[in-house]
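Report on one structure; see the data block that follows.
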C-alpha cells in the first residue's frame, strides 16, 4: 500500500512537472519568437519564415535604436520616472495602508476613507479633465506630470492594507502596552514584517511606470521629454522624418516595421526582466497574503 502511494505520488509529481514545463514553454514562446524576428532579415520576417530561430541574421534593428542619440535620453527619463514614481508610490501606499488597516475603533473615519478609495478605483474623471488639470497646474513637459496622476495606486493600497491586517493583533496590543505610538508601530514593527507585500507593490509600481507611454504622449510637448516607451512607440515616425546618411539608409533598407517593432519590444522588456528575479521570491507570497481579507 505504501509503495503504491509512493508510486502514485511520483507519477503525480512527474505529471505536474510536465504540465508546468509546457505552460512555461507556452509563456516564453512568444517572447523567444519576438527575439528571433528582431534578429532576422526583413524578407524572411515578412514571409513568415521565422519561428524560434533567426533567419538571415541581422542586428540592424538594434543598431538603429541604440545609435539614435535620443535613446539614451529617453532611457534616463524612464529611469528617473521609475525612481521618483516608485518612491512616491511606496511612501503614500504605506502612509495610507497602515491607518486603514486599523479598526474603526482606532481610526474613526476608516470606513468613509475606504469607500472613497474604492469609488476612486472604480470610477475616474477621464482623460480630458486630467489633461485640463495638468495644464492648469503647469505640469506639461515636467516629470511630475508622469508621476502625480498615479501617485496613489488604490489597488496597491488595498493589497498592503490587507497584508497589515493579516499580521497578528497581539503585535499591536503588545506595542500599545509598552507605550509604542502609531509611527513607532508602523516603522519598527509592521513595515519590517511586510517585506513580501512591499516587494509586490514595488514591482507593480516599477512595471506600471516603465511600461506607460500614453501619458508621455499627451503631457510631454517635445520629443526630448519623452520617456522610453513613448519614444519607442514613436520611433518609426521619428526615423522617417530625420535627415539620415548613406550608412543609415543602407541599414533601413534591411529593416521592416515588423523587425523594428520586434526590436522595440525586446529592448523595452529587458530592464523588467533584470529587476523581476530580485523581487520574484516575495511576489507570490505577498499577493496571496495581501489579497485575503480578514
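Here, each number is a calculation from the coordinates, and none is a lab measurement. These numbers come from a predicted model, not from an experiment. So basically every Cβ, Gly included, is an ideal-geometry build from the backbone, and we count neighbours across all protein chains shown.
Observations
- Inter-label distance, nm, simple model (7 Å from Cα along the C-beta direction), residue 269/residue 191: 3.5
- Available extension along the chain between residue 20 and residue 80 is 17.9 nm, counting 0.36 nm per residue and deducting the alpha carbon span.
- Extending 7 Å from Cα along the Cβ direction at residue 120 and again at residue 72 yields two label points whose distance is 4.0 nm.
- Crossing angle, helix 69-100 versus the chain [Cα axis fit, 0-90 degrees, rounded to tens]: 10
- The chain: angle of helix 257-290 to the longest principal axis, Cα-based, in degrees nearest 10: 10
- At an R0 of 22 angstrom, the distance between the Cβ atoms of residue 276 and residue 151 translates into a FRET efficiency of 0.40.
- Between residue 53 and residue 141, the contour length at 0.36 nm per residue exceeds the alpha carbon distance by 27.5 nm.
- Computed extension length for residue 31-residue 218: 64.4 nm, one decimal, from 0.36 nm per residue of separation with the Cα-Cα distance subtracted.
- The residues 96, 161, 121, when put in order of fewest to most other Cβ atoms within 10 Å, stand as 121, 96, 161.
- Angstrom value of the Kirkwood radius, inverse mean 1/r, which spans all Cα pairs in the chain: 22.8
- Dividing the convex hull volume of the alpha-carbon atoms in segment 8-123 by its residue count gives 250 Å³ per residue.
- Mean-square fluctuations from a GNM of the chain, with a 10 angstrom spring cutoff on Cα atoms, peak among 171, 139, 95 at 171.
- A Gaussian network model of the chain, with springs between Cα atoms under 10 Å, assigns the largest mean-square fluctuation among 72, 217, 187 to 187.
- Springs join every pair of Cα atoms under 10 Å in this Gaussian network model of the chain, and among 104, 40, 212 the largest mean-square fluctuation is at 104.
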